[in-house]
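Student: My structure is below; once you've seen it, I'll send some questions.
The values are calculated or read from the model by the stated rules, or taken from the named source; none is laboratory data. These numbers come from a predicted model, not from an experiment. Heads up, the Cβs are rebuilt from the backbone with ideal geometry, glycines too, and the neighbour counts pull from every protein chain shown.
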Amino acid sequence: MKTLLEKITIEVREAFQTAGYDEKFAKVTLSNRPDLCEYQCNGAMAAAKTYKKAPAMIAKDVVEALHDSACFETAEAVNPGFINLKVKKEFVTGFLNEMAEDEMLGVSKCENQRTVMIDYGGPNVAKPLHVGHLRSAIIGESIKRIIRYKGNTVIGDIHLGDWGYQMGLIITELKKRKPDLPYFDESFEGDYPKEAPFTITELEEIYPTASAYAKEHEDYREEALKATYLLQNGHRGYRAVWEHIMHVSVTDLKKNYQNLHVEFDLWKGEADAQKYIPPMVEMLKEGGYAHYDEGALVVDVQEESDKKEVPPCMILKSDGAALYDTTDLATLVEREKLYQPDEVIYVVDKRQEMHFIQVFRCAKKTGIVKEETALKFLGFGTMNGKDGKPFKTREGGVMRLENLIREINEEMYKKIMDNRTVSEEEAKRTAQIVGLAAIKYGDLSNQAGKDYIFDVDRFTSFEGNTGPYILYTIVRIKSILTKYAEDKNVLEGLRIGTAQNACEKTLMLEAAKFNDVIDTVYEETAPHKICAYIYDLANAFNKFYHETKILSEEDEQKKESYIALLVLTRKILETSIDLLGFTAPERM
Ligand code: ARG
């Protein structure tokens with residue numbers, strides 16, 4: 001379905017042509033003076049040069065040609081040559097009814113549907129999840145839903161950090177604590193107990209303890225590095241411990257991500273890429289791409305146009321160990337082999353940008369991915385505390401994700417209990433739903449690349465540009481609709497009629513923007529524009545609500561039309577928050 005703006009533009013183009021001007025000048029935009037008009041066209045100003053005519057004259061000609069347009073209530077030429085447009089109420093109504101009947105609410109699936117992989121989440125197994133991982137999960141999940149909504153095949157991959165030094169540390173600490181376990185023997189033969197030698201609670205404590213100890217004790221660190229090396233080179237007992245760590249951690253991670261409404265299609269990780277490394281290294285050498293530099297195997301990726309230095313991609317350290325670059329390249333080999341994506345998007349902290357520049361260039365240059373495969377780095381900024389510094393606990397430690405979520409939920413619970421409309425039990429459940437919205441909306445309403453301040457008070461407020469405000473609006477609409485349905489037993493199939501007053505028209509015009517907004521959000525990979533849009537829509541609805549008798553309206557036809565508009569508004573809001581990755585409660 002076309003957007004309202006597209007439909008309007010077609011009419012204005014025709015008018016330019018009828019008036020004898022090139023239609024390329026007929027560019028229409030939303031008005032930046034909503035007090036004067038709803039849409040505007042500044043094309044007459046641009047055309048003035050070509051036609052050596054005063055812009056006001058051109059504007060006047062175009063306006064004349066718009067005389068009996070189906071779209072516009074008024075079209076005005078305003079000095080020095082603006083064309084101010086107000087759309088006909090019937091035109092908007094027609095558009096909204098068309099939208100309401102469409103399963104996608106007017107959004108068209110894209111013409112060239114692609115396979116897109118999204119690499120997001122990226123937690124490190126057995127290390128605590130911290131707030132930095134939250135942003136990747138929130139942004140990646142929303143992007144995944146948006147790209148999927150437009151009809152593409154999207155594969156979300158968590159890309160676990162499951163192959164590093166932390167594994168060696170845990171093995172070393174476990175050996176110290178439980179030397180009698182069968183896993184540490186060089187001759188260990190694989191048939192190991194199914195029961196993990198630790199619980200998740202223990203595991204969560206083992207890693208930080210071992211990590212801190214290794215910083216102080218050289219020999220312990222050496223041992224952990226050796227254990228990492230042995231694990232990576234086929235020590236069967238260590239591999240068994242690794243399987244246990246993976247099982248226990250991933251079970252826990254799955255639960256955490258589920259609570260965040262983050263759903264991965266693939267639970268792959270760095271370990272899965274390892275088997276692609278040897279043949280890849282072979283290819284890089286044979287193809288003449290890689291060379292040795294001070295013992296390390298590297299691929300140069302500097303390009304002539306670079307303003308700053310781009311260091312070579314590191315393939316192998318001088319001791320033969322693989323690195324972060326290597327793993328990401330090998331993962332691309334695997335992705336190419338198994339999924340043939342048209343695009344891979346990485347949602348990672350923007351401080352890792354250089355790493356991705358190196359990897360992307362190397363992958364393209366060496367043919368690991370096809371020239372036409374798009375590799376995109378979506379770097380996000382840091383989540384800061386109110387002091388403008390990276391988010392910390394009150395004591396100054398690294399904020400763990402679960403604590404942050406608990407803090408928000410408690411605050412939400414307090415606020416919901418203050419309203420005292422629901423039972424304690426329900427308030428708890430509702431607090432979780434609204435808390436998640438507070439966190440996600442607080443994050444997503446900022447442009448992803450920017451740092452932002454995580455402000456618990458502001459994010460949990462029911463007023464202003466917040467998740468709870470949006471949910472509150474949805475709940476308000478739902479409650480009106482429920483009351484109406486109790487009485488009339490019907491909500492679907494009602495028609496929206498022409499607007500009765502200015503604030504209803506404003507609401508209608510906002511609702512009509514939906515497919516246009518989603519297209520922009522998709523093209524720019526910019527979920528924050530959904531937030532900006534639903535905030536405007538919620539405001540327009542609440543203004544309408546305060547100025548209009550809805551349920552007590554006596555004219556049945558008017559009332560039906562209001563209800564139909566509410567049904568549509570609710571659908572738009574619910575679809576939008578689903579694309580952002582959260583839901584609304586029944587009451588709050
Ligand atoms: N595990 C990494 C970290 O915590 C993020 C992984 C990002 N994805 C990737 N393909 N490198 O920093």
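Student: Going by the conditions given, is Y522 of a type outside the set (A, V, I, L, M), closer than 17 Å to K440 by Cα, out of contact with any Cys (no Cβ under 6 Å at 6 or more places or on another chain) and modelled with pLDDT of 95 or more?
Tutor: no
Student: Here's another thing I want to ask about it. In segment 410-463, what count of residues is obtained for those that are free of Cβ contacts under 8 Å to residues at least 60 places away in the same chain and of a type outside the set (S, T, N, Q)?
Tutor: So the count comes out to 23.
Student: Right, here's the next one. Report the residue count in segment 181-205 for those that are touching a helix residue (DSSP H, G or I) at 6+ places or on another chain (Cβ under 6 Å), closer than 19 Å to T228 by Cα and among the hydroxyl-bearing types (S, T, Y).
Tutor: Here the count works out to 1.
Student: To continue, here is another question. Away from the ligand (no atom under 16 Å from the Cβ), in contact (Cβ under 8 Å) with a residue 60 or more places away in the chain, more than 28 Å from I146 (Cβ to Cβ) and not β-branched (V, I, T): which single residue out of G295, G287, G320 fits that description?
Tutor: Values: G295 fails: in contact (Cβ under 8 Å) with a residue 60 or more places away in the chain; G320 fails: in contact (Cβ under 8 Å) with a residue 60 or more places away in the chain.
Checking each option against the conditions leaves just G287.
Student: Which number in (1) away from the ligand (no atom under 13 Å from the Cβ); (2) surrounded by 23 or more Cβ atoms within 10 Å (Cβ to Cβ) marks the one condition that S136 misses?
Tutor: So S136 meets the others, but not (1).
Student: Among all residue pairs at least 6 apart or on different chains, which show Cβ distances below 7 Å where the first residue, located in segment 471-484, is within 14 Å of L537 (Cα to Cα) and the second is of a type in the set (D, E, K, R)?
Tutor: I474/R570; I474/E574; I477/R570
Student: Please enumerate the residues belonging to segment 342-358 that are in contact with a strand residue (DSSP E or B) (Cβ under 8 Å, 6 or more places away or on another chain) and within 11 Å of the ligand (Cβ to nearest atom).
Tutor: The answer is V344, I345, Y346, V347, V348, D349, R351, Q352, F356.
Student: List the helices (runs of 4 or more DSSP H) that sit entirely inside segment 252-356 and contain at least 3 residues that are within 32 Å of the chain's Cα centre (by Cα).
Tutor: Correct list: 270-273, 324-339.
Student: Further question on the same structure: Report, by residue number, each residue of segment 447-461 that is out of contact with any Ser or Thr (no Cβ under 7 Å at 6 or more places or on another chain) and buried (at least 18 other Cβ atoms within 10 Å of the Cβ).
Tutor: A448, F454, V456, T460 - these are the residues of segment 447-461 that are out of contact with any Ser or Thr (no Cβ under 7 Å at 6 or more places or on another chain) and buried (at least 18 other Cβ atoms within 10 Å of the Cβ).
Student: How many residues does segment 403-437 contain that are surrounded by 13 or more Cβ atoms within 10 Å (Cβ to Cβ) and farther than 23 Å from V475 by Cα?
Tutor: 3
Student: Looking only at segment 364-401, how many residues end up being away from the ligand (no atom under 16 Å from the Cβ), within 30 Å of A126 (Cβ to Cβ) and of a type outside the set (D, E, K, R)?
Tutor: Residues in segment 364-401 being away from the ligand (no atom under 16 Å from the Cβ), within 30 Å of A126 (Cβ to Cβ) and of a type outside the set (D, E, K, R): 5 in total.
Student: Which one of these does Y339 not meet: (1) of a type in the set (S, T, Y); (2) touching a Ser or Thr at 6+ places or on another chain (Cβ under 8 Å); (3) within 12 Å of the ligand (Cβ to nearest atom)?
Tutor: The one condition Y339 does not meet is (3).
Student: Which ranges mark the helices (runs of 4 or more DSSP H) fully within segment 139-232 that have 1 or more residues being within 16 Å of the ligand (Cβ to nearest atom), under 30 Å from F380 (Cα atoms) and out of contact with any Ser or Thr (no Cβ under 9 Å at 6 or more places or on another chain)?
Tutor: Passing ranges, in order: 200-216.
Student: Listed residues K370, K337, K317; which is farther than 30 Å from G381 by Cβ, of a type in the set (K, R) and at pLDDT below 95?
Tutor: K317
Yes/no per residue for (1) within 16 Å of the ligand (Cβ to nearest atom); (2) surrounded by fewer than 15 Cβ atoms within 10 Å (Cβ to Cβ); (3) within 14 Å of G168 (Cα to Cα):
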| site | (1), (2), (3) |
| --- | --- |
| H235 | no, no, yes |
| H244 | no, no, yes |
| L253 | yes, no, no |
| K275 | no, yes, no |
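Student: What single numbered condition from (1) buried (at least 17 other Cβ atoms within 10 Å of the Cβ); (2) assigned to a loop (DSSP other than H, G, I, E, B) fails to hold for A511?
Tutor: Single failed check for A511: (2).
Student: Just give me the residues in segment 534-555 being over 17 Å from L568 (Cβ atoms) and surrounded by 15 or more Cβ atoms within 10 Å (Cβ to Cβ), in sequence order.
Tutor: Correct list: Y535, E553.
Student: When you scan segment 110-125, do you find a residue that is among the hydrophobic types (A, V, I, L, M, F, W, C) and in a helix (DSSP H, G or I), even just one?
Tutor: No, segment 110-125 contains no residue that is among the hydrophobic types (A, V, I, L, M, F, W, C) and in a helix (DSSP H, G or I).
Student: Here is a follow-up. Could you look through segment 473-501, keep only residues that are among the hydrophobic types (A, V, I, L, M, F, W, C), at pLDDT 95 or above and assigned to a helix (DSSP H, G or I), and pick out the one that is nearest to the chain's Cα centre (by Cα)? Walk me through how you get there before you give the answer.
Tutor: Taking segment 473-501 first, the residues among the hydrophobic types (A, V, I, L, M, F, W, C) are 474-475, 477, 480-481, 485, 490-491, 494, 496, 499.
Imposing the further condition that a residue be at pLDDT 95 or above reduces the set to 474-475, 477, 480-481, 496, 499.
When the remaining residues are screened for being assigned to a helix (DSSP H, G or I), the result is 474-475, 477, 480-481.
Working: I474: 21, V475: 24, I477: 26, I480: 31, L481: 30 Å.
Ranking the qualifying residues of segment 473-501, first place goes to I474.
Student: So, E492, is that one closer than 26 Å to D35 by Cβ and in contact (Cβ under 8 Å) with a residue 12 or more places away in the chain or not? Can you show your working first?
Tutor: Details: closer than 26 Å to D35 by Cβ: no; in contact (Cβ under 8 Å) with a residue 12 or more places away in the chain: yes.
No, not satisfied.
Student: Related question: Can you work out which of the residues in segment 145-184 that are farther than 24 Å from K127 by Cβ and charged (D, E, K, R) is modelled with the lowest pLDDT?
Tutor: Once the filter is applied, the top-ranked residue is D180.
Student: On the basis of being within 12 Å of the ligand (Cβ to nearest atom) and in a helix (DSSP H, G or I), does R361 make the cut?
Tutor: Against the criterion (within 12 Å of the ligand (Cβ to nearest atom) and in a helix (DSSP H, G or I)), R361 does not qualify.
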